[in-house]
Amino acid sequence: MKIKYCDALVIGGGLAGLRSAVAAAKKGLSTTVLSLVPVKRSHSAAAQGGMQASLGNAKMSEGDNEDVHFADTVKGSDWGCDQEVARMFVTTAPKAIRELASWGVPWTRIKKGNHEAVINTKRTTIFEEDNKHGLINSRDFGGTKKWRTCYTSDATGHTMLFAVANESLKLNVNIEDRKEAIALIHENNRCYGAVVRDLITGEIAAYVAKGTLIATGGYGRIFEITTNAVICEGIGTAIALETGVAKLGNMEAVQFHPTPLFPSGILLTEGCRGDGGVLRDKDGHRFMPDYEPEKKDLASRDVVSRRMVEHMRKGKGVESPYGTHLWLDISILGREHIEKNLRDVQEICEYFAGIDPADEGRKGWAPVHPMQHYSMGGIRTKPTGESQTLNGLFSAGEAACWDMHGFNRLGGNSVSETVVAGMIVGNYFADYCIANQVDIKTEVIEKFVFEKEAYMKELVSKDSGEDVFRIKNRMKKIMQEHVGIFRDGNGLLSAVTELEQLYIKSQNVAVKNKQLSANPELEEAYRVPMMLKVALCVAKGALDRTESRGAHTREDYPKRDDENWLKRTLTSWKDGNTMPTVEYEPLDIMKMEIPPGFRGYGAKGNLIENPLSAKRQLEVDHIKEEMESKEKDRYEIQDALMPFELQEEYKKRNVRLGD
Amino acid sequence: MARELTIRVLRYNPQDKNELRAYFQEYKIKEADSMTIYLALTQIRETMDAGLSFDFVCRAGICGSCAMMINGRPRLACRTLTKDLPQEIVLLPLPTFKLIKDLSVNTGEWMDAMSKRVESWIHSSKEIDISNIEEPIEPEVADAVFELDRCIECGCCVAGCGTKLIKEDFVGAVGLNRIARFECDPHDERDAEDYYELVGDDNGIFGCMTLLGCEDTCPKHLPLQNKIAYMRRKLATVKGS
């Protein structure tokens, strides 16, 4: 049996994993990154539109700072987020973007003088002053008060991923691709690394480390139609769940993106609407202002997705052989803008829909439909990124629920989170690896490895049993039909019931191809039962949460219920069970910097208030008033409202133009 | 009427010691509207041949995983529509990369080695204070860097390169493009002499035979030939002049 030792083990080679690895390598730790695919192919590469950071450089970003970014993020989360984490995030994001600039990310820069932009379908001139020339530019995105999304055309994730991957190579991080962690090695509530399968040779080895960090992204592929890459199957989340010790947070919080291309599911960035594109119905009518007069097409993603479905239910969708869809019109931005700032979007439209979105009028409209896009839930962690229940296990990025997104994530905040969490959590993780030793017996490690080796042999030895593809496709259908944008008790109950049956069936899969090496069917055979566990956590969490919050919309419980549901769902899985164990972790209103309130969308009364909200609001108002009268600055006021811990180098004040 | 496609795939599993030689396997499937090679191969795997190996990640033309030889040319399979191809489609793995199995090749190993060889990261002596305002960069310069930074390491240029086919250690257009990318990035302090040390030989900038295969096959339409020519002129002046 092969055992490989390192100080810091990172599972997942996207932006969060690689940036965490850089943090560990910088502290002198021997660091290994495991990745299903060459790391530069990670799903982070698909992030198009940009990364939120309150630099406040551009004209339309003036006045932006951490406080504004924080308020947008908390409201965006529908008060489901951990406000301390959101504070850590907004404070570090400007540093992250400046660090990336120094690593060579060619951020689109501000050009002095007059510029044309399309705002609310009207051509508008924006003037940039001389002193801003050459600083990092930003574009508009949904749910934000300022233009805050920094970008490189519409290939932001790609340029960021390459810069961070190259930085890892520079620091001699040991990157091993086509390696899959299939179980965590743990004993006495401490994690010691992972059992790892080589996807080429099929060899199973133990990777033992002082600390382990999971950054494997989301679990969109449990749904039938998703913008996620085919590797986003939630296996990293599942191996944490399967320890029976680590817990998952808010798995029912699943985001649907308003404008993937229909029917292929390939994402067209929110930057399309951020730059001035609009949604239209079958009559060519721009319908979003009818529903959301204030934010229109740039309301939060959950809101726009729901309004689109609502509008299609009214018969306003466009019928096609694949089903009903709506149109995204970016032709009004003009060919020049599209060919410079939305080039990948143009290419995607050309290749996958046979249209040129720069063509004027209906000819250039792209068929779109909301689809699964982002997993707000994930491995539940403390603000340091460490699991509350399994020591030495850290998680960062979309795989984690350190919880800055709550029940709805703002566009541009996830790609930002990957790097920011990589910096913050990566540092805490590295410190843990420095402070702790590996003290586990080889026989314990062997037990984990032998178990998986036996499991693989068993899978290929069975002559008859279930077809894994059929089970997988059925799971995706169920999730699509009953655990989608609009949910209700009956649908969710039938989903949970059938998913459980499917999970039981998945224990009896027979693999037709008998090779232990490079065998895609075998990979499906061991992944699908794990995916079903993840799916059950999502569906059961959604069934039990009898309210509507952020992206979780219950038609039978349309109100946000702060009285009963201002709490985080925790799911865990006991060995041998066929259903997750669900428990809850309350959010403490009395510690919030922004107590729960009206989010600014839809009807105002659609909320069951918690009496503590008003109480805390009074307290907050009082503190603010008192501090202001003493002429304290915004940093001191913030500290008085909600102190938060953060590494010194990241807590440092961000300098902006005009400071 | 929907066509019946004949898809011929090169099969070979180097992991299997009993499999002595490569062979073609033929699959017949009904063409669907807007079918891509990605959709066709996925359907084949799920319904006809579960053991068929191939690579897709983003399936949107962004990540570069799925480059393969499609009727003789290196292309991204995810965005190649079957309707643009004849009824018979021949799929082979990319040449010059190590074969994993069937259509799956090990580009990661090669690309990481290439990145290390050209030291594909910013070389700077400056200490950056990340809480301070960033260094201003001319917008046109940032755009020019971005133009070259768009490479997705799919390997099409390497597979389409005559030089690489005869010269094992040739760094390929992907590597030379990386040099050009850092050369125009103001954050990077390296000069022509430094780049000469990295690629100033026959396996680097002077090995290119200008057959244009790289630029012809680049799915991102990078100006590879121009940039190679530019770097060659630049580096040719470094020594012996």
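The values are calculated or read from the model by the stated rules, or taken from the named source; none is laboratory data. Everything numeric here is computed off the predicted structure, so don't read it as measured data. Neighbour counts run over all protein chains shown; Cβ positions are idealised from the backbone, glycine included. Each accessible area value is taken on the protein alone, full model and side chains, heavy atoms only, with ligands, DNA and RNA left out. Shrake-Rupley method; radii C 1.70, N 1.55, O 1.52, S 1.80 Å.
Looking for something open to solvent by 10 Å² or more (accessible area, probe 1.4 Å), in a helix (DSSP H, G or I) and closer than 18 Å to B:Gly61 by Cβ - is there at least one such residue anywhere in segment A:325-340?
Yes, that holds for at least one residue.
Restricting to segment A:35-54, and then to whatever is of a type in the set (A, V, I, L, M) and more than 8 Å from chain B (Cβ to nearest Cβ), can you tell me which residue is nearest to the chain's Cα centre (by Cα)?
A:Ala47
Can you tell me which residue within segment A:74-108, out of those that are in a helix (DSSP H, G or I) and in contact with a His (Cβ under 8 Å, 6 or more places away or on another chain), is farthest from the other protein chains (Cβ to nearest Cβ)?
A:Gly76
Looking only at residues in segment A:556-571 that are open to solvent by 30 Å² or more (accessible area, probe 1.4 Å), out of contact with any strand residue (DSSP E or B) (no Cβ under 6 Å at 6 or more places or on another chain) and part of a loop (DSSP other than H, G, I, E, B), which one is nearest to A:Phe598 (Cα to Cα)?
For segment A:556-571, the residue satisfying everything is A:Pro558.
For segment A:175-190, which residues satisfy the criterion of being under 24 Å from the mean Cα position of the chain (by Cα) and either away from every other protein chain (no Cβ under 11 Å) or without any contact (Cβ under 8 Å) to a residue 24 or more places away in the chain (or both)?
A:Glu180, A:Ala181, A:Ile182, A:Ala183, A:Leu184
How many residues are out of contact with any Pro (no Cβ under 8 Å at 6 or more places or on another chain) and part of a helix (DSSP H, G or I) if we restrict to segment A:341-375?
Going through segment A:341-375 one residue at a time, the tally reaches 11.
If I go through segment A:278-296 residue by residue, how many of them are in contact (Cβ under 8 Å) with a residue 60 or more places away in the chain, in contact with a helix residue (DSSP H, G or I) (Cβ under 8 Å, 6 or more places away or on another chain) and either under 24 Å from A:Thr73 (Cα atoms) or buried (at least 20 other Cβ atoms within 10 Å of the Cβ) (or both)?
Going through segment A:278-296 one residue at a time, the tally reaches 5.
Which ones in segment A:139-154 are open to solvent by 10 Å² or more (accessible area, probe 1.4 Å), of a type in the set (Gly, Ala, Ser) and either within 14 Å of chain B (Cβ to nearest Cβ) or farther than 22 Å from A:Ala299 by Cβ (or both)?
Passing the criteria: none in range.
Pull up segment A:391-446, narrow it to residues that are more than 12 Å from the chain's Cα centre (by Cα), of a type in the set (A, V, I, L, M) and outside any helix (DSSP H, G or I), then point me to the one that is surrounded by the most Cβ atoms within 10 Å (Cβ to Cβ).
A:Leu393
If we keep just the residues of segment A:609-659 that are within 14 Å of chain B (Cβ to nearest Cβ) and not in a loop (DSSP other than H, G, I, E, B), which is least open to solvent (accessible area, probe 1.4 Å)?
Only one residue fits best here, namely A:Tyr650.
Give the residues of segment B:36-48 that are out of contact with any strand residue (DSSP E or B) (no Cβ under 7 Å at 6 or more places or on another chain) and more than 7 Å from every other protein chain (Cβ to nearest Cβ), sorted by residue number.
Correct list: B:Tyr38, B:Leu39, B:Leu41, B:Thr42, B:Thr47.
Quick one: what pairs do we get from segment A:419-440, first residue touching a residue at least 40 places away in the same chain (Cβ under 8 Å), second assigned to a helix (DSSP H, G or I) and surrounded by fewer than 21 Cβ atoms within 10 Å (Cβ to Cβ), C-beta under 8 Å, 6+ apart or different chains?
As it stands, the answer is A:Met423/A:Tyr650; A:Ile424/A:Tyr650; A:Ala430/A:Lys26, since those pairs meet every condition given.
Please go through (1) open to solvent by 10 Å² or more (accessible area, probe 1.4 Å); (2) within 14 Å of the chain's Cα centre (by Cα) for A:Ile235 and return the number of the only condition it doesn't satisfy.
(2) is the only condition that A:Ile235 fails.
Restricting to segment A:503-525, name every residue that is open to solvent by less than 10 Å² (accessible area, probe 1.4 Å), under 13 Å from A:Lys457 (Cβ atoms) and more than 7 Å from chain B (Cβ to nearest Cβ).
A:Val511, A:Leu522, A:Ala525
So is B:Lys17 over 25 Å from A:Ala525 (Cβ atoms) and either more than 7 Å from chain A (Cβ to nearest Cβ) or open to solvent by 20 Å² or more (accessible area, probe 1.4 Å) (or both) or not?
Against the criterion (over 25 Å from A:Ala525 (Cβ atoms) and either more than 7 Å from chain A (Cβ to nearest Cβ) or open to solvent by 20 Å² or more (accessible area, probe 1.4 Å) (or both)), B:Lys17 does not qualify.
Can you pull out every residue in segment B:61-80 that is surrounded by fewer than 16 Cβ atoms within 10 Å (Cβ to Cβ) and within 24 Å of A:Ser42 (Cα to Cα)? Let's see the steps before the verdict.
Restricting attention to segment B:61-80, the residues satisfying the condition of being surrounded by fewer than 16 Cβ atoms within 10 Å (Cβ to Cβ) are B:71-73.
Listed by number, the list is empty, since nothing qualifies.
For A:Lys170, which of the numbered conditions (1) farther than 18 Å from A:Thr31 by Cα; (2) of a type in the set (Lys, Arg); (3) at the interface with chain B (Cβ under 10 Å from one of its Cβ atoms) fails to hold?
Failing condition for A:Lys170: (1).
How many of the residues making up segment B:140-175 are under 19 Å from B:Pro74 (Cα atoms) and either in contact with a Cys (Cβ under 8 Å, 6 or more places away or on another chain) or in contact (Cβ under 8 Å) with a residue 24 or more places away in the chain (or both)?
Residues in segment B:140-175 being under 19 Å from B:Pro74 (Cα atoms) and either in contact with a Cys (Cβ under 8 Å, 6 or more places away or on another chain) or in contact (Cβ under 8 Å) with a residue 24 or more places away in the chain (or both): 23 in total.
For a quick check of your reading: which strands (runs of 3 or more DSSP E) sit entirely within segment B:86-137 and have at least 3 residues that are within 10 Å of chain A (Cβ to nearest Cβ)?
So the answer is B:98-101.
It is to be established whether one or more residues within segment A:114-133 are in contact with a strand residue (DSSP E or B) (Cβ under 6 Å, 6 or more places away or on another chain), at pLDDT 95 or above and within 7 Å of another protein chain (Cβ to nearest Cβ).
no
Would you say A:Lys574 is open to solvent by 10 Å² or more (accessible area, probe 1.4 Å), touching a residue at least 12 places away in the same chain (Cβ under 8 Å), over 22 Å from A:Val620 (Cβ atoms) and touching a Pro at 6+ places or on another chain (Cβ under 9 Å)? Step through it out loud before you land on a result.
Numbers: open to solvent by 10 Å² or more (accessible area, probe 1.4 Å): yes; touching a residue at least 12 places away in the same chain (Cβ under 8 Å): yes; over 22 Å from A:Val620 (Cβ atoms): yes; touching a Pro at 6+ places or on another chain (Cβ under 9 Å): yes.
So A:Lys574 fits the description; yes.
Within segment B:187-210, restricting attention to residues that are among the hydrophobic types (A, V, I, L, M, F, W, C) and either touching a Cys at 6+ places or on another chain (Cβ under 7 Å) or closer than 17 Å to B:Glu168 by Cα (or both), which residue is nearest to the other protein chains (Cβ to nearest Cβ)?
Here the answer is B:Leu198.
Residues in segment A:371-390 that are open to solvent by less than 20 Å² (accessible area, probe 1.4 Å) and within 16 Å of the chain's Cα centre (by Cα): how many?
Looking only at that region, the number is 11.
Quick one: what pairs do we get from segment A:578-596, first residue more than 19 Å from A:Lys559 (Cα to Cα) and assigned to a strand (DSSP E or B), second open to solvent by less than 40 Å² (accessible area, probe 1.4 Å) and among the small types (Gly, Ala, Ser), C-beta under 9 Å, 6+ apart or different chains?
A:Thr581/A:Ser572; A:Val582/A:Gly541; A:Val582/A:Ser572; A:Glu583/A:Ser572; A:Glu585/A:Gly249
Would you check which residues across segment B:62-85 are within 14 Å of the chain's Cα centre (by Cα), at the interface with chain A (Cβ under 9 Å from one of its Cβ atoms) and not hydrophobic (A, V, I, L, M, F, W, C) and list them?
B:Gly64, B:Ser65 - these are the residues of segment B:62-85 that are within 14 Å of the chain's Cα centre (by Cα), at the interface with chain A (Cβ under 9 Å from one of its Cβ atoms) and not hydrophobic (A, V, I, L, M, F, W, C).
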